[in-house]
Amino acid sequence: MATVQELQERLRRPLAAELAGGCQNRVVAGGVDRLLAGPLANPFPKVREALQGYGEMDTEARAEALRGALKLLGDDQKPAQRPPPTAHWVAPLTPAPGERLALDAPLERLDTGPGGARKLSTLGLHTLRDVLHAYPHRHEDRRAQPDLSEVEEGQKVTVQGTVVSKHRRSPKPGMLIIEIVLETPSGGRVKATWFNQPWVEKQLREGARLVLTGRVKKFGRSVQLGVEHLETVDKASESLSTGRIVGVYDSKEGISQEFLRRVAYAALRSAPLDDYLPVHWRKKYSVTDLGDALWGIHFPSDEAQLARANHRLRFDEYLFLELRMLLQGEDAVLQGKRFEARGDDINTFEAALPFRFTNAQRRVLLEITDDMRSDQQMARLVQGDVGSGKTAVAACALYLAVRDGYQGALMAPTEILARQHYASLSGYLSGLDVRVGLLIGAMTPKTKLEMQTRIAEGDVDIVVGTQALIQENVQWDNLGLAVVDEEHRFGVQQRRRLLASRPDVLVMSATPIPRSLALTAYGDLELSVIDELPPGRTPIETKLIQDNFRQQAYGFVMGQIRQGRQAYAVTALIEENENLELLAATQLAEDLKTILPEARIDLLHGKMAAAEKDDVMERFRTREFDILVSTTVIEVGVDVPNATVMVIENAERFGLAQLHQLRGRVGRGAHQSYCLLIAGEHSQKTRKRLKIIEGSTDGFVIAEADLKLRGPGEIRGTRQSGIPDLRLADLANDEEIIVQARELAKHILANDPRLEHPRLQYLRSELQNRSSSVAYREVI
């Protein structure tokens with residue numbers, strides 16, 4: 001292991017040669033920045049700082065920086081000293097000179113040993129870039145052996161040593177026990193055991209060097225290890241797998257951790273680790289350079305380098321995600337309409353309402369009107385819990401657009417929701433001389449044509465509709481503002497068709513999602529949150545019930561029906577199988593007809609045509625039956641003020657955010673409402689999770705809890721949201737990093753919307769290569 005003095009001299013020599021050669025940045029292969037990106041400079045942070053951005057300096061500045069760096073490496077000023085043994089400092093791995101490969105070079109060109117490239121392809125790794133960004137999923141500290149005399153029963157430890165004996169026995173037919181004794185470097189011995197794993201035996205020869213991880217069992221003074229993870233170590237890779245902080249990679253049978261570390265090391269030595277982020281951006285956002293980050297994530301010399309690496313690479317994941325979302329949206333820097341959005345008009349609209357705006361509604365309206373007065377196209381997401389008053393805010397914005405001489409559109413995902421919005425807007429605007437129209441697929445061709453003609457001639461001010469609004473034969477006279485309800489049901493391409501005339505865009509979502517997830521899933525939209533409910537609303541009472549009390553739960557439902565109320569009963573999604581889900585809902589409906597013979601019961605499910613679903617919901621709304629048995633298709637739906645009970649079967653199969661959405665189907669009227677969660681699983685973990693929804697009615701609190709428990713893909717659906725598999729990012733805790741990455745992404749695209757500047761070509765190339773979407777690559 002190299003001493004600090006040896007490392008100091010190895011760094012000093014090329015820097016002195018660079019100064020003597022006239023500071024042309026040619027003495028060191030790849031340049032001085034490349035040298036500093038490697039681990040050789042890790043023990044000398046002041047040297048790295050003195051030479052930061054060397055490649056961008058003029059000759060005079062380079063000479064001055066080199067003289068300062070060499071002074072730091074001289075005898076009068078020592079570099080960062082090696083910490084005392086308790087700090088477990090490990091000399092960094094140093095890349096040896098060798099062939100430089102392009103990042104997209106196939107792995108056949110990398111020295112991975114016989115059949116190495118083929119093995120790596122089974123893990124989805126095909127290029128040098130793939131290997132560099134296949135980060136360890138965890139790290140183990142192997143710098144010091146645990147004192148086996150002090151470890152506790154059941155504690156998980158990692159030990160390394162040499163096999164001194166092996167024994168196999170079969171106490172009874174069908175059982176094989178393999179035992180070895182491992183001698184550690186300190187001379188201690190530990191017995192390790194495998195049950196019914198004959199395939200490991202060939203790795204357990206006497207004299208083999210092993211690293212074992214497992215749970216400790218104590219028998220008097222002797223220690224036994226129930227092995228969970230085994231690595232063999234040879235002399236060639238010992239420095240990669242022992243005596244340091246070691247990464248553990250995702251793998252599969254037949255591909256060892258030792259092999260993956262050797263490949264990562266070879267990739268780091270062969271790769272050009274130039275940085276696509278200029279020095280001034282790295283300084284502004286306090287992130288380390290890319291070389292330090294990649295060496296630090298695969299082979300950290302200490303905890304500090306690992307932390308720097310993790311921070312930088314998480315920042316990069318969010319930066320590329322935000323750039324991608326903004327480029328897909330294509331509306332980050334578009335010119336839009338410019339409205340006056342007068343305060344007097346807001347007051348006029350509010351005076352016509354039967355209620356006053358809440359403070360949260362006023363705050364969001366201010367954010368909307370600021371956007372409307374700007375030259376740039378508004379692209380804003382308004383999030384708010386069920387009943388928070390999003391529609392009233394949207395109606396006010398539409399009214400302001402009409403007052404400025406523009407038309408407005410409100411697009412809903414279903415015809416029944418479109419009719420509901422049409423009724424709401426007509427009510428809000430009836431006394432304000434605003435003409436509101438409806439355009440949906442169920443209209444007769446003649447009625448449709450009449451509405452299309454009125455839209456084209458400017459004879460209607462606001463049109464509410466479904467996807468009929470984005471059909472090619474709809475021509476707008478002067479569309480100024482488009483409001484899209486529950487946008488994720490449409491998709492980006494459908495929204496773009498509505499944006500052909502570049503109206504301002506307001507997206508409404510009643511699905512509370514955490515701010516961190518909103519900033520990524522809706523990366524092309526600014527974010528507003530209505531986080532206050534109107535006063536006087538009666539909270540929904542939620543009760544968690546075990547399935548052996550189902551009879552009592554439906555007895556309560558019948559009591560509500562006798563009082564003239566209605567109820568929902570929802571069955572859980574069954575492994576994304578619509579046929580099984582339909583079967584479960586049909587069976588529940590039949591069961592309830594037996595249990596509650598007085599009740600009128602009907603069924604709603606995902607295999608119905610849209611018109612059929614609308615018909616069932618309309619009959620439920622007009623009280624033609626008492627209990628609607630449904631699959632999850634009613635998660636976002638129409639108002640039925642008379643429905644006061646929501647029963648959710650097998651509640652443990654739903655995410656918390658989805659349970660909250662389903663609960664929001666009741667509580668729409670003046671009567672006290674209830675949500676009964678019937679749990680088919682009785683574990684403590686399930687009860688703890690469902691207790692969160694039982695104890696809170698705040699959708700954002702619940703969504704944060706759901707994100708921490710289940711991750712982003714399951715909350716919103718990774719495919720729908722466009723969020724890729726984030727390898728290091730932690731959406732539940734990374735809001736500050738996300739905001740910074742978003743700020744930089746917006747700054748970059750505001751100045752260069754298509755990343756065409758020569759200094760951004762590396763960033764552009766990396767962005768294209770990290771995107772799995774061919775369509776997305778075409779955007780840039």
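Between Arg215 and Glu49, 0.36 nm times their residue separation minus their Cα-Cα distance comes to what?
Using 0.36 nm per residue and subtracting the Cα-Cα distance, I get 55.4 nm.
Please list 3J(HN,Hα) in residue order for the stretch 543-551, calculated via the Karplus relation 6.51 cos²θ - 1.76 cosθ + 1.60 where θ = phi - 60°; whole Hz, with x for glycine and proline.
These are the phi-based 3J(HN,Hα) values: 9, 8, 10, 6, 5, 6, 10, 4, 4 Hz.
Can you list the residues, at least 5 places off or on another chain, whose amide H is less than 5 Å from the amide H of Asn650, using H built in the peptide plane?
Those lying under 5 Å, H to H, from Asn650 are Ile678, Gly680.
Using θ = phi - 60° and the Karplus form 6.51 cos²θ - 1.76 cosθ + 1.60, what ³J(HN,Hα) does each residue of the stretch 260-273 get, whole Hz, x for Gly and Pro?
Per residue, the Karplus-derived 3J(HN,Hα) values read 5, 5, 4, 5, 4, 5, 4, 5, 5, 6, 9, 8, x, 9 Hz.
Quick one: how many Å² of Lys166 are accessible to a 1.4 Å probe, rounded to 10?
Ignoring ligands and nucleic acids, Lys166 comes out at about 80 Å².
Eigenvalues of the Cα gyration tensor times 5, then square-rooted: what semi-axes does that give for the stretch 387-484, in whole angstrom, largest first? Each step should come with its number before you reach the end.
Numbers: eigenvalues 75, 51, 26 Å².
The three semi-axes for the stretch 387-484 are 19, 16, 11 Å.
For a quick check: with amide H placed at 1.01 Å from N, whose amide H comes under 5 Å from Leu381's, ignoring anything fewer than 5 positions away on the same chain?
Correct list: Val507, Glu526, Leu527, Ser528.
Go through the stretch 742-756 residue by residue and turn each phi into a ³J(HN,Hα) via Karplus (6.51, -1.76, 1.60, θ = phi - 60°); whole Hz please, and just put x for glycine and proline.
5, 4, 5, 4, 5, 4, 4, 6, 5, 8, 8, x, 10, 6, 9
Report the calculated FRET efficiency for Glu450 and Glu367 (r = Cβ-Cβ distance, R0 = 35 Å), to the nearest 0.05. Intermediate values should be presented prior to the final figure.
Working: r = 37 Å, r/R0 = 1.05.
The formula returns an efficiency of 0.40 here.
Rounded to the nearest 0.05, what FRET efficiency do Lys156 and Asn548 give with R0 = 35 Å and r taken as the Cβ-Cβ distance? Could you check?
My answer for the efficiency is 0.40.
Can you return the aspartates and glutamates within cross-link range of Lys613? Criterion is Cα-Cα under 12 Å, with same-chain partners fewer than 8 residues away left out.
In chain and number order, the partners are Glu415, Asp602.
For Leu479, what residues show an amide H to amide H distance below 5 Å, using hydrogens built from the backbone and excluding near sequence neighbours?
Under 5 Å from the amide H of Leu479: Gln407.
How much length is gained on full extension from Glu64 to His229, taking 0.36 nm per residue of separation minus their Cα-Cα distance?
54.2 nm
Please identify the GluC sites (Glu not before Pro) of the stretch 159-221 that satisfy two criteria: DSSP loop assignment and at most 13 other Cβ atoms within 10 Å. Which are they?
On the way: sites: Glu179, Glu183, Glu201, Glu206; in loops: Glu206.
Filter output for the stretch 159-221: Glu206.
Computed FRET efficiency, Cβ-Cβ of Ser222 and Thr686, R0 45 Å: what is it to the nearest 0.05?
FRET efficiency, Ser222 to Thr686: 0.65.
Can you pull the one-decimal nm distance between simple spin-label points at Ser149 and Arg168, each 7 Å off the Cα toward Cβ?
Each label point is offset 7 Å from its Cα along the Cβ direction, giving 3.5 nm.
The values are calculated or read from the model by the stated rules, or taken from the named source; none is laboratory data. All values derive from a computational prediction rather than experimental measurement. Neighbour counts are summed over all protein chains in view; Cβ atoms, including those assigned to glycine, are modelled from backbone coordinates with ideal geometry. For the accessible areas, the whole protein counts, side chains as well, though only heavy atoms, and no ligand, DNA or RNA atoms are used. Shrake-Rupley method; radii C 1.70, N 1.55, O 1.52, S 1.80 Å.
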